[in-house]
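Engineer: Here it is: the structure, laid out below.
The values are calculated or read from the model by the stated rules, or taken from the named source; none is laboratory data. A quick note: this is a predicted structure, and the numbers were derived from the prediction, not measured. Note that each Cβ is placed from the backbone with ideal geometry, even for glycine, and that neighbours are counted across all protein chains shown. With ligands, DNA and RNA removed, areas are computed over all heavy atoms of the protein, side chains included. Shrake-Rupley method; radii C 1.70, N 1.55, O 1.52, S 1.80 Å.
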Amino acid sequence: MPEPQPQPQPQPQSPPQATRAKPVRVRRTVHFGAGPEWSLSQVGATLAATGGVAVFLASLFLSTGGFDAIWWALVLLPLVTMTWAGSAAPLAYWGLLLFGWFILTPAGSFSWWSLPAAAGCVVGHAATALSASAPPAGSFAAPTARRWVRHTAIAFAAAVPVAVLAGLLAGRSLGLVPAAYVIGLGGVAVGLWMVRTSPPVGRP
């Protein structure tokens, strides 16, 4: 009779190695009264929007030589309307600011202060749109912030050749005033469509 074969003994399993726990990142939030919690990213976006309004108003002040002090109160609007970032409120007060530029500056004049004013407008709108893309307590990842900065820089770069062209045509009677209004309003409409509150799409 064949001899019974010895059964293989099960090898003792080594105890699993202890995995090092990753530190959990604590998100700090702030409260303003009885309202919701706000992340530091959201507070930073609101401060950027406020800075954009301040730059715009300062440029308007320098291009006109001064205006009524009540206009400076508009610098507080991003702080007051931060809970309405995704609504039409930011578009309404930026429409008011742009209307103020047209009524306070001399008709037919051109000022190079319009360039920093355009920068303030673009940064203020982009910061508000970025704030609307996340909940009050949400944060923005570094790639998201870089993507928004890139889109904002491209939007401002479009203002440079327009300002140069306006500077070259300033003071010349070309009979293009009605056409300039139509082109300008068309440009504003296209610009608002391009920088609408939808966040820039990231590349895969």
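Engineer: Solvent-accessible area of H125, probe 1.4 Å, all protein chains present, reported in Å² to the nearest ten, please.
Structural biologist: Accessible surface of H125 is approximately 40 Å².
Engineer: Students often check this: by mean Cβ neighbours within 10 Å, which of 74-87, 57-70, 36-49 ranks highest, and how do the rest follow?
Structural biologist: 36-49, 74-87, 57-70
Engineer: Would the stretch 35-171 count as rounded, prolate or oblate if I go by the C-alpha gyration tensor, calling it rounded below 1.5 in a/c and otherwise prolate when a/b exceeds b/c, oblate otherwise?
Structural biologist: In terms of gyration-tensor shape, oblate.
Engineer: Next question, about the same structure. So if each residue of separation counts as 0.36 nm, and I subtract the Cα-Cα distance between V80 and A142, what length gain in nm does that give?
Structural biologist: 19.7 nm is the gain from fully extending V80 to A142.
Engineer: Next question. Taking R0 as 30 Å, what's the FRET efficiency between S87 and L40 from their Cβ-Cβ distance, rounded to 0.05?
Structural biologist: With R0 = 30 Å, the Cβ-Cβ based efficiency is 0.85.
Engineer: Run the quick spin-label model on V149 and V164: label points 7 Å from Cα toward the beta carbon, then report their separation in nm to one decimal.
Structural biologist: With each label placed 7 Å out from Cα toward Cβ, I get 2.5 nm.
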